[in-house]
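Inspection log for the structure reproduced underneath, given as structure tokens.
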Amino acid sequence: KSLNADVVGFSHLMLGFAQDSYTLRTASGRYVFLGGLRFSYWDFNDQLTLSPRASIAWFPPKSSWTFRLATGIYHQALLFKEVKKVVLEEGNYITYLNRDVKSPRSAQIIFASDYYFKKWGRPFKLTGELYYKYIDRIIPYQVDNMKVTYRGENCADGFAFGGDVKLFGEFVPGTDSWVSVS
């Protein structure tokens with residue numbers, strides 16, 4: 001069996017991003033609204049992606065806490081190895097570029113909070129996050145020792161959920177450090 005490929009070509013990728021924020025001050029605290037849109041167009045697979053996102057942060061008055069809620073749709077840029085499709089034809093493996101493959105995407109929501117404090121005379125921040133992500137158009141892969149082979153097609157869906165807790169600060173004076181649990 002052999003693996004053969006003959007690939008010649010050019011492609012163009014265009015990317016852009018727009019974002020704005022608005023701050024509102026009330027008796028219940030400061031609110032920061034953030035909205036944005038990422039877009040990309042890749043002529044290889046003729047795919048236009050739009051990724052809207054929005055978040056709100058609340059800073060209660062006279063408090064060391066902040067709270068955030070964020071949501072959005074995200075598209076993962078494709079790698080060359082993800083668009084390669086290997087098929088077995090007449091005993092030989094043939095590689096071709098799958099122009100029908102699309103960027104994997106996820107819709108997600110995140111709730112987070114931060115707590116700022118001083119310990120040993122130095123600043124620290126404790127951050128906690130809970131998240132849920134629905135992912136579609138996944139491109140599965142197979143691992144054989146050190147070789148990773150992608151399937152070259154969007155044929156899976158999935159989800160991820162969980163939480164993260166991180167403690168940032170100067171455990172050693174003058175050096176930023178952190179410890180995290182997920």
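The values are calculated or read from the model by the stated rules, or taken from the named source; none is laboratory data. Given the structure is predicted, the values throughout are model-derived calculations rather than measurements. Methodologically, a virtual Cβ is constructed for each residue, glycine included, from the backbone with ideal geometry; neighbour enumeration extends over all protein chains shown. Side chains included, ligands, DNA and RNA excluded: accessible areas come from the protein's heavy atoms. Shrake-Rupley method; radii C 1.70, N 1.55, O 1.52, S 1.80 Å.
Details
- Fully extending the segment from TRP58 to LEU34 would add 7.5 nm, taking 0.36 nm per residue of separation and subtracting the current Cα-Cα distance.
- Extent along the principal axes, Cα only, for the stretch 1-104: 73, 24, 15 Å, with the longest axis given first.
- In Å, descending, principal axis extents of the Cα set of the chain: 72, 36, 29
- Percent accessible area from carbon and sulfur atoms, the stretch 1-139, protein chains only, probe 1.4 Å: 60 percent
- The stretch 70-150, relative contact order [Cα under 8 Å, separation at least 6], %: 29 percent
- Residue ranges 157-164, 172-179 sort as 157-164, 172-179 when ordered by packing (mean number of other C-beta atoms within 10 Å per residue, highest first).
- Values of log10 I(q)/I(0), in the order q = 0.30, 0.31, 0.32 Å⁻¹, for the stretch 20-64 under a Debye, Cα-only, solvent-free model: -0.99, -1.02, -1.05
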